[in-house]
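I'd like to ask you about the structure that follows.
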Amino acid sequence: MSSTRRTPAPRTVLATKRTRTGKKSAIEVEHSHAMWKKALFLIALAVVLVLAVGVIVTIGPMPITVVEVYGILLNTIIPDVISVTKSMENVVLQIRLPRIMGAIIVGFGLAACGCVMQAVLKNPLASPFTLGISAGAQFGVSVAAVFGITILGGPYVLIGNAFVFALICSGIIIGLSGLKGATSETMILAGIALNYLFQATNQLFNYIANEEQRTLMSVWGMGSISGLNWHSLILLAAVSLICVPLLYSKAWDLNLMTVGDESAKSMGVDANHVRMFIMVVSSLLVAVLVAFVSVIGFVGLVAPHIVRMLVGSDHRYLIPAAGGVGAMLLLLADVISVNLLAPTVIPIGTVMALIGVPFFLYLILRGRRQEYWS
């Protein structure tokens, strides 16, 4: 009987060559160098973020040095590392640091969600803002302001309504998509339709509201992190620490889905299941973030595009890098909002739009489009 000799797969050939020669092939060496560059980029981004926190805290009417800032932070762990006044300690820990930590958490979360939404929907314009989730949250605030219909009481009146209606908006998008097989086109169209619907409804409420109600809706819709404190930051951090790792766990599946749903299915990835999982988890995270900081656009839209130009389309690196860049962008927007017209604080959502729109136009003019959303 004659036997047919099978040709080994490319990876097997590379492994065989490496075993025989004891050296890595040129392709493997180049791939290893590329992975190291991406890892170093993430490490450098984390270091810059930590250093930026120390520098930004020093910006303000009270003169504080970077050494004093880090000394105050160390004092919370090891008492009396550095001698500082009580007023200086209160300014750092109770006023400036909560804003900075809030900008980092919100920026990281929105950018990470925008990154995975663009991947599963294969659309460069997908983001929490363009899919109508933020508009749904603003609709909830408008209902509370104009009609007094609230989900929660006390200080969480607006937050509760914003969270619930953001989830309702996400649920409608996911539900409509499920009826049609969870295709990316259906999700995009449903999100755009809901975005316009909620915007039109908010305009109607703004027309019939009195001056006080109109001011409340207007201020909330501009985006702000000034209302964050350590209690709300703990909640935001807890939800982020649950949702972001869940999103990251699908990084390899997202890589396989970039070549198409059918190709991903042939490699054991259920694209529809991954798409639904990503949308549910990211919608939950966005709903929580938007409920506390209101509408902040362009973070989840611009940050993934910036990082994709630097580290490529591997979501194992793209997701954390997009989160880090999103945190840096929101930190920059917060510094501008607080200090540009001091003592007047400009809404951070407005500043982020002023930063994001020109940069996004620049990215479009560069024409750096990715294959997976074509």
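The values are calculated or read from the model by the stated rules, or taken from the named source; none is laboratory data. Just so we're clear, the structure is a prediction, and the values are computed from it rather than from any experiment. Here Cβ is always computed from backbone atoms with ideal geometry, including for glycine, and neighbour counts include all displayed protein chains.
Please specify each residue of the range 242-293 satisfying the condition of being hydrophobic (A, V, I, L, M, F, W, C) and outside any helix (DSSP H, G or I).
Within the range 242-293, Val259, Met267, Val269 qualify.
What do you reckon, is Lys38 free of Cβ contacts under 8 Å to residues at least 24 places away in the same chain and charged (D, E, K, R)?
No.
For Ala237, state whether it is surrounded by 14 or more Cβ atoms within 10 Å (Cβ to Cβ), in contact with a helix residue (DSSP H, G or I) (Cβ under 9 Å, 6 or more places away or on another chain) and closer than 26 Å to Ala353 by Cα. Even if it seems obvious, please write down each step before you answer.
On the way: surrounded by 14 or more Cβ atoms within 10 Å (Cβ to Cβ): yes; in contact with a helix residue (DSSP H, G or I) (Cβ under 9 Å, 6 or more places away or on another chain): yes; closer than 26 Å to Ala353 by Cα: yes.
Considered against the rule, which asks whether it is surrounded by 14 or more Cβ atoms within 10 Å (Cβ to Cβ), in contact with a helix residue (DSSP H, G or I) (Cβ under 9 Å, 6 or more places away or on another chain) and closer than 26 Å to Ala353 by Cα, Ala237 comes out as yes.
The rows are residues; the columns are (1) crowded, with 23+ Cβ neighbours inside 10 Å; (2) hydrophobic (A, V, I, L, M, F, W, C); (3) in a helix (DSSP H, G or I).
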{"site": "Leu310", "(1), (2), (3)": "no, yes, yes"}
{"site": "Tyr317", "(1), (2), (3)": "no, no, yes"}
{"site": "Ala322", "(1), (2), (3)": "yes, yes, yes"}
{"site": "Ala333", "(1), (2), (3)": "yes, yes, yes"}
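If you scan the range 262-283, which residues turn out to be surrounded by fewer than 19 Cβ atoms within 10 Å (Cβ to Cβ), at negative phi and not β-branched (Val, Ile, Thr)?
Within the range 262-283, Glu262, Ser263, Lys265, Ser266, Met267, Asp270, Asn272, His273, Met276, Phe277 qualify.
Does the range 216-232 include one or more residues that are crowded, with 17+ Cβ neighbours inside 10 Å, over 21 Å from the mean Cα position of the chain (by Cα) and either modelled with pLDDT of 85 or more or assigned to a helix (DSSP H, G or I) (or both)?
yes
Please work out which residue is farthest from the chain's Cα centre (by Cα), limiting yourself to the range 105-127 and to residues that are over 17 Å from Thr186 (Cβ atoms) and not in a helix (DSSP H, G or I). Lay out the reasoning, then the answer.
Start the filter on the range 105-127 by keeping residues that are over 17 Å from Thr186 (Cβ atoms), which leaves 105-116, 124, 127.
Of the ones still in play, those that are also not in a helix (DSSP H, G or I) are 124, 127.
Numbers: Pro124: 15, Ser127: 9 Å.
It comes out as Pro124.
Let me ask another. Mind checking which residues of the range 193-213 are in a helix (DSSP H, G or I) and buried (at least 17 other Cβ atoms within 10 Å of the Cβ)? Full working, then the answer.
We begin by selecting, within the range 193-213, every residue in a helix (DSSP H, G or I); these are 193-208, 211-213.
Result: Leu194, Asn195, Phe198, Asn202, Phe205, Gln213.
Might you check whether a residue that is out of contact with any strand residue (DSSP E or B) (no Cβ under 9 Å at 6 or more places or on another chain) and either aromatic (Phe, Trp, Tyr) or farther than 30 Å from His315 by Cα (or both) occurs anywhere in the range 232-244?
Just the residues of the range 232-244 that are out of contact with any strand residue (DSSP E or B) (no Cβ under 9 Å at 6 or more places or on another chain), to begin with: 232-244.
Filter again for either aromatic (Phe, Trp, Tyr) or farther than 30 Å from His315 by Cα (or both), leaving none.
No, the conditions are met nowhere in the range 232-244.
Take the conditions surrounded by fewer than 24 Cβ atoms within 10 Å (Cβ to Cβ) and assigned to a helix (DSSP H, G or I) and apply them to Val143. Does it pass?
Against the criterion (surrounded by fewer than 24 Cβ atoms within 10 Å (Cβ to Cβ) and assigned to a helix (DSSP H, G or I)), Val143 qualifies.
Only one residue in Val48, Val67 is farther than 30 Å from Cys169 by Cα, in contact (Cβ under 8 Å) with a residue 40 or more places away in the chain and exposed (fewer than 14 other Cβ atoms within 10 Å of the Cβ), so which one is that? Spell out how you get there, then give the answer.
Values: Val67 fails: in contact (Cβ under 8 Å) with a residue 40 or more places away in the chain.
Exactly one of Val48, Val67 is farther than 30 Å from Cys169 by Cα, in contact (Cβ under 8 Å) with a residue 40 or more places away in the chain and exposed (fewer than 14 other Cβ atoms within 10 Å of the Cβ), namely Val48.
Six or more apart or on different chains, Cβ atoms under 6 Å: show the pairs whose first residue is in the range 198-223 and touching a residue at least 60 places away in the same chain (Cβ under 8 Å) and whose second is surrounded by 14 or more Cβ atoms within 10 Å (Cβ to Cβ) and hydroxyl-bearing (Ser, Thr, Tyr).
So the pair list comes out as Asn202/Ser142; Phe205/Ser142; Met217/Ser142; Trp220/Ser294; Met222/Thr350; Gly223/Ser294.
Does at least one position in the range 346-366 carry a residue that is charged (D, E, K, R), at pLDDT below 90, surrounded by fewer than 22 Cβ atoms within 10 Å (Cβ to Cβ) and not in a loop (DSSP other than H, G, I, E, B)?
Pass one, the range 346-366, residues charged (D, E, K, R): 366.
Filter again for at pLDDT below 90, leaving 366.
Restricting the remaining residues to those that are surrounded by fewer than 22 Cβ atoms within 10 Å (Cβ to Cβ) gives 366.
Subset that is not in a loop (DSSP other than H, G, I, E, B): 366.
Within the range 346-366, one or more residues are charged (D, E, K, R), at pLDDT below 90, surrounded by fewer than 22 Cβ atoms within 10 Å (Cβ to Cβ) and not in a loop (DSSP other than H, G, I, E, B).
Same structure again: From the residues in the range 249-261 that are surrounded by 14 or more Cβ atoms within 10 Å (Cβ to Cβ) and of a type in the set (S, T, N, Q), which one is modelled with the highest pLDDT?
Residue satisfying both the conditions and the ranking: Asn255.
Just to check your reading of the model, which residue among Ser263, Ser249, Ser232 is touching a residue at least 40 places away in the same chain (Cβ under 8 Å) and of a type outside the set (Val, Ile, Thr)?
Values: Ser263 fails: touching a residue at least 40 places away in the same chain (Cβ under 8 Å); Ser249 fails: touching a residue at least 40 places away in the same chain (Cβ under 8 Å).
The conditions single out Ser232.
Shifting gears a bit: Return the pair list, or none, for Cβ contacts closer than 8 Å from residues in the range 121-144 that are modelled with pLDDT of 80 or more to residues that are surrounded by 24 or more Cβ atoms within 10 Å (Cβ to Cβ) and of a type in the set (D, E, K, R), at least 6 apart or on different chains.
Taking only residues 6 or more apart or on different chains, the pairs are Leu121/Arg275.
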